[in-house]
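This report concerns only the one structure given below.
FYI, it's all coordinate maths here, none of it is from the lab. Because the structure is a prediction, the values reported are computed rather than measured. So basically every Cβ, Gly included, is an ideal-geometry build from the backbone, and we count neighbours across all protein chains shown.
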Amino acid sequence: MNRHPLLVYRMLGRRYRPPGVLLILMGLLLFLPSFIVELENEAVEPAALARLGGVLVLVGLAFMLFAALAIRRAYVVCTPDLLVIRTPFYRTVVSYRRVGQILSVPAWQLFPREDLKGMSRPLVTPLLGMTAVEVQMRGWPVPKRWLQVMLSRTMFSPRADAWVFVVPNYSVLMREIEHHRQLKLAGVADDGPEMYDGPFA
């Protein structure tokens with residue numbers, strides 16, 4: 001099964017990685033006065049600097065961990081029975097029977113540059129030249145508002161009740177979703193796992 005990386009989360013991971021490295025380096029520098037007498041400062045004890053350095057290192061490691069998870073653990077995968085949307089800390093599974101139209105849409109049409117604000121601007125702007133997959137839904141496994149809280153809002157279409165997936169190869173993802181959807185509608189696939197479709201942590 002192909003895992004299609006969610007490029008919005010990849011961009012998010014790349015933004016978190018440099019601050020993480022910087023915080024770790026700053027934290028390590030604050031440990032130096034504890035080992036090098038010439039760097040001691042009368043105004044602040046080395047032990048206090050070391051404690052602050054420890055906090056900075058831990059925060060930096062947390063940033064680095066999130067960056068790694070966002071880059072490697074955010075993807076869409078089409079299993080025979082369910083469409084799985086995976087993000088760093090959350091997973092949602094969707095029955096193919098809930099899927100309506102599957103469209104390819106230029107990302108700039110869904111997210112006009114002038115409408116991008118806050119964190120969305122640096123995350124989405126580099127992707128505006130790509131083609132997104134818009135998966136229209138006949139129903140959501142859990143309330144859409146809950147999903148929008150747990151996931152990036154850029155994963156939802158502003159023009160329809162639909163997911164938006166910006167992935168490296170949109171045409172392959174579209175074919176896979178449509179293939180499994182047709183099998184489900186024809187009753188070919190096993191219906192067992194579809195007794196529940198919803199989020200999994």
Here the equivalent ellipsoid of the chain, derived from its Cα gyration tensor, has semi-axes (largest first, whole Å) of 43, 19, 13
Under 5 Å, built H, 5+ apart or other chain: amide partners of ALA74: LEU6
Local electrostatic count, MET119, Cβ distance below 11 Å [Lys/Arg +1, Asp/Glu -1]: +4
Round to the nearest 0.05 the FRET efficiency obtained for ILE36 and ARG15 when R0 = 45 Å and r is the Cβ-Cβ distance. 0.85
Need one number for region 3-72: average projected area of the convex hull over its C-alpha atoms, nm². 4.9 nm²
What length, rounded to one decimal in nm, is gained on full extension from ALA47 through to MET119, with 0.36 nm per residue of separation minus their alpha-carbon distance? 22.2 nm
Kindly rank 167-175, 87-95 from highest to lowest mean number of other beta carbons found within 10 Å of each residue. 87-95, 167-175
Kyte-Doolittle at least -0.5, axis length at least 27 Å by Cα - qualifying DSSP helices, the chain: 7-31, 46-72
